[in-house]
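Report on the structure given below.
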Amino acid sequence: MTKKVWFLEPPAITERNPERFAGCTYEVYHFPDLGNLYPFTMLHERGVEVNFFDAALLGEDEEAFTARLVANPADYYVLHAVVLAKPTDLYWVRKLRSIAPDATIMIHGPEATRVPEEYIAGDDKVVVFRGEVERSMVDYVMGEMTEPFGITRLEGADYKTYDPDPRGYIPFDDLPIPARDHPSLLPFKERYFNPKYKGRPHALMLTSRGCSFRCSFCVPNAISFQREMEGFRTLGRKPAVKKASPERIEAEFKWLKEHGYKSIHIADDQFLWAKKRTLEICRRVAPYQMEWGMLSRADFLTDEEVVKALADAGCVSIDIGVESLKQDVLDRINKDLDVQDVYTAVKLLRKHGISPKLNIMFGTVPDETREDILWTLRELKSIDPDHVMFAIATPFKGTAFYDHCKEKGYLIDDSDSVNPMGKAMISYPNLTNEDLEELERHAYRSFYLRPKVVLRRLKRVRRPSDLLNDLKVAKQVLLH
């Protein structure tokens, strides 16, 4: 009998829907979660009957989503657990148990990796898959797990945690191209968009796992974060970065082009590495004439040959993690970045028609001052990037930053109710939580409500829906 595995993103019981792939914010635009799409695809390729039931895509509330699950029972249910979805996921674990008393509930993700016992909660049919999950989850479902690698489960009265698979981390090229064309996902393709890109439908894409840099405040995407936490637990360090080959990246561009996608956002924590590799990627993807963008450090964008190659290959937007334009702040957070590289990168991107977005973070160190932040804001206005995202440094559980803030007494809110876009969970002698929240509001309004910025954005409106999307974003970032 064919096994049935349903991958779920249930209706949120919180006011806003958590963004599960990034794992550290609430969503503005919804995409199928890549954290679930990889094991989903691997099981699909093994002949397992899979479904991807996403309440946000389906437009279903709790009653409708429950009715769907009752009418379509499965042997296994999968949840990708991030901290902002924790209230929702704990609620739905109980709900699933009432719907399907004999089913196995499989949970993975950074928060489940950190505190598996909170999700298992005495249920011996709940299994938490820790760290990198694809091999262990596929082996478990297929009955091929000779040893219980990489899981936590209830055995008798005790929670038992098993070390990761000795085969090591999966080479990225061994991961499948996500099955975005599966019947449970295909009807929603035309909805996928990102306002930074003209082309629709839009795809979220990953080409690596992990980041080799040592920024003290950082929380990577959820796939990398769960992998990183398990690496620190078992190895005492970050796992090595696993990068896709240029050939693998080209193959996914080709797949997306053939399946009608018009734009791509590469959501790696760091997409650019060696210059030779970057130029080879650009050479390979340019013929597909896809509009695309990515995340990068500024110091990988100071070589004009690289920036020109990116532009010629269709890159139109790059998010740059900057945090501060004060060199001493960057040094204290182990950014390992010369601040002048930010100015050089923005200048080169502008020259070659790539839109820069700078990500700024307040409160990354306890001795940062109000004047430091206001100075950075003044510099941003002089650089005048197309977009800036301001956030408050947030001590996510499972990070060294959390441990440091807790030890030093800077942590004033130890709950799971995290929101870097507007809520400070830290308070310093020089910058209180109220100061940080007020400065973030001031930064957004001061930067975006300048007449030339408003006019620039209005000139880029191509359709009425663009204006509606801008208003949606403005409500979240300017009025919080």
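The values are calculated or read from the model by the stated rules, or taken from the named source; none is laboratory data. No experiment lies behind these values; they were computed from the predicted model shown. Cβ sites come from the backbone with ideal geometry, for glycine too, and all protein chains shown count toward neighbours.
Going residue by residue through the range 255-270, is there one that turns out to be in a helix (DSSP H, G or I) and of a type in the set (Asp, Glu)? Lay out the reasoning, then the answer.
If we filter the range 255-270 for residues that are in a helix (DSSP H, G or I), which is where we start, we get 255-258.
Going one step further and asking which of them are of a type in the set (Asp, Glu), we end up with 258.
Yes.
Just checking, which of GLN289, GLN226 is within 24 Å of GLU19 (Cα to Cα), among the polar types (S, T, N, Q), assigned by TED's automatic domain parsing to the domain that holds LEU349 and out of contact with any Asp or Glu (no Cβ under 7 Å at 6 or more places or on another chain)?
Values: GLN289 fails: within 24 Å of GLU19 (Cα to Cα).
Unique residue meeting the criteria: GLN226.
Quick one: would you say GLY47 is surrounded by fewer than 16 Cβ atoms within 10 Å (Cβ to Cβ), in a loop (DSSP other than H, G, I, E, B) and small (Gly, Ala, Ser)? If you could, list the steps in order and put the result at the bottom.
Values: surrounded by fewer than 16 Cβ atoms within 10 Å (Cβ to Cβ): yes; in a loop (DSSP other than H, G, I, E, B): yes; small (Gly, Ala, Ser): yes.
The answer is yes for GLY47.
In the range 126-166, what residues are among the charged types (D, E, K, R) and either over 26 Å from the mean Cα position of the chain (by Cα) or crowded, with 16+ Cβ neighbours inside 10 Å (or both)?
Taking the range 126-166 first, the residues among the charged types (D, E, K, R) are 130, 132, 134-135, 139, 144, 147, 153, 155, 158, 160, 163, 165.
The answer is ARG130, GLU132, GLU134, ARG135, ASP139, GLU144, GLU147, ARG153, GLU155, ASP158, LYS160, ASP165.
Going through ARG214, ARG200, ARG191, ARG180 one at a time, which residue ends up being assigned by TED's automatic domain parsing to the domain that holds THR364 and in contact with a Phe, Trp or Tyr (Cβ under 7 Å, 6 or more places away or on another chain)?
On the way: ARG214 fails: in contact with a Phe, Trp or Tyr (Cβ under 7 Å, 6 or more places away or on another chain); ARG191 fails: in contact with a Phe, Trp or Tyr (Cβ under 7 Å, 6 or more places away or on another chain); ARG180 fails: in contact with a Phe, Trp or Tyr (Cβ under 7 Å, 6 or more places away or on another chain).
None of the others qualify; the one that does is ARG200.
Of all residues in the range 68-118 being in contact (Cβ under 8 Å) with a residue 40 or more places away in the chain and among the hydroxyl-bearing types (Ser, Thr, Tyr), which is surrounded by the fewest Cβ atoms within 10 Å (Cβ to Cβ)?
TYR91
If a residue must be surrounded by fewer than 18 Cβ atoms within 10 Å (Cβ to Cβ) and within 19 Å of GLU15 (Cα to Cα), how many such residues does the range 423-437 contain?
Taking the range 423-437 as the starting set, the residues that turn out to be surrounded by fewer than 18 Cβ atoms within 10 Å (Cβ to Cβ) are 423, 429-430, 432, 434, 437.
Within this subset, residues satisfying the condition of being within 19 Å of GLU15 (Cα to Cα) are 423.
Number satisfying all stated conditions: 1.
From ALA298, ALA311, which residue is aliphatic (A, V, I, L, M), out of contact with any Ser or Thr (no Cβ under 9 Å at 6 or more places or on another chain) and modelled with pLDDT of 95 or more? Break it down into steps so the answer makes sense when it comes.
Numbers: ALA298 fails: out of contact with any Ser or Thr (no Cβ under 9 Å at 6 or more places or on another chain).
Result: ALA311 is the single residue among ALA298, ALA311 that is aliphatic (A, V, I, L, M), out of contact with any Ser or Thr (no Cβ under 9 Å at 6 or more places or on another chain) and modelled with pLDDT of 95 or more.
For GLU63, indicate whether it is touching a residue at least 24 places away in the same chain (Cβ under 8 Å) and of a type in the set (Asp, Glu).
Working: touching a residue at least 24 places away in the same chain (Cβ under 8 Å): no; of a type in the set (Asp, Glu): yes.
So GLU63 fails the test.
Among the residues of the range 306-320, is there at least one that is surrounded by fewer than 17 Cβ atoms within 10 Å (Cβ to Cβ), in the same structural domain as SER417 (by TED's automatic domain parsing), within 30 Å of LYS257 (Cβ to Cβ) and within 22 Å of the chain's Cα centre (by Cα)?
No, every residue in the range 306-320 fails to be surrounded by fewer than 17 Cβ atoms within 10 Å (Cβ to Cβ), in the same structural domain as SER417 (by TED's automatic domain parsing), within 30 Å of LYS257 (Cβ to Cβ) and within 22 Å of the chain's Cα centre (by Cα).
Suppose we keep only residues that are within 19 Å of VAL141 (Cβ to Cβ) and not aliphatic (A, V, I, L, M) within the range 10-42. Which one would you say is surrounded by the fewest Cβ atoms within 10 Å (Cβ to Cβ)?
THR41
Tell me which of these ASP319 doesn't satisfy, since it passes every other one: (1) in contact with a Phe, Trp or Tyr (Cβ under 7 Å, 6 or more places away or on another chain); (2) closer than 15 Å to MET205 by Cα.
The number of the failed condition is (1).
Name every residue in the range 211-248 that is within 15 Å of the chain's Cα centre (by Cα) and β-branched (Val, Ile, Thr), in order of residue number.
Passing the criteria: VAL219, ILE223.
Taking the range 349-398, which residues are polar (S, T, N, Q) and crowded, with 19+ Cβ neighbours inside 10 Å? Step through it out loud before you land on a result.
Of all residues in the range 349-398, those polar (S, T, N, Q) come to 355, 359, 364, 369, 376, 382, 394.
THR364, THR376, THR394, listed by residue number.
Condition (residue is in contact with a helix residue (DSSP H, G or I) (Cβ under 7 Å, 6 or more places away or on another chain) and either more than 27 Å from ILE223 (Cβ to Cβ) or among the acidic types (Asp, Glu) (or both)) applied to the range 405-413: is it met by at least one residue?
Here is the first cut: in the range 405-413, the ones in contact with a helix residue (DSSP H, G or I) (Cβ under 7 Å, 6 or more places away or on another chain) are 411-412.
Checking which are either more than 27 Å from ILE223 (Cβ to Cβ) or among the acidic types (Asp, Glu) (or both) leaves us with 412.
Yes, there is a match, as at least one residue in the range 405-413 is in contact with a helix residue (DSSP H, G or I) (Cβ under 7 Å, 6 or more places away or on another chain) and either more than 27 Å from ILE223 (Cβ to Cβ) or among the acidic types (Asp, Glu) (or both).
Take the residues in the range 382-400 that are touching a Leu at 6+ places or on another chain (Cβ under 7 Å) and within 18 Å of ILE318 (Cβ to Cβ); name whichever of them is modelled with the highest pLDDT.
Result: VAL388.
If we scan the range 423-436, do we find a residue that is touching a residue at least 40 places away in the same chain (Cβ under 8 Å), in contact with a Phe, Trp or Tyr (Cβ under 6 Å, 6 or more places away or on another chain) and not in a loop (DSSP other than H, G, I, E, B)?
Yes; the residues of the range 423-436 include at least one that is touching a residue at least 40 places away in the same chain (Cβ under 8 Å), in contact with a Phe, Trp or Tyr (Cβ under 6 Å, 6 or more places away or on another chain) and not in a loop (DSSP other than H, G, I, E, B).
Name the one entry in GLU27, GLU15 that is in contact with a Pro (Cβ under 9 Å, 6 or more places away or on another chain) and either assigned by TED's automatic domain parsing to the domain that holds THR88 or acidic (Asp, Glu) (or both).
Working: GLU15 fails: in contact with a Pro (Cβ under 9 Å, 6 or more places away or on another chain).
Matching residue, one of GLU27, GLU15: GLU27.
Kindly check whether there is at least one residue in the range 275-283 that is farther than 22 Å from PHE225 by Cβ, touching a Ser or Thr at 6+ places or on another chain (Cβ under 6 Å), surrounded by 17 or more Cβ atoms within 10 Å (Cβ to Cβ) and polar (S, T, N, Q). Walk me through it before giving the result.
In the first step, residues of the range 275-283 are kept if they are farther than 22 Å from PHE225 by Cβ; the result is 275-283.
This time we only want the ones that are touching a Ser or Thr at 6+ places or on another chain (Cβ under 6 Å), so: none.
No, the range 275-283 contains no residue that is farther than 22 Å from PHE225 by Cβ, touching a Ser or Thr at 6+ places or on another chain (Cβ under 6 Å), surrounded by 17 or more Cβ atoms within 10 Å (Cβ to Cβ) and polar (S, T, N, Q).
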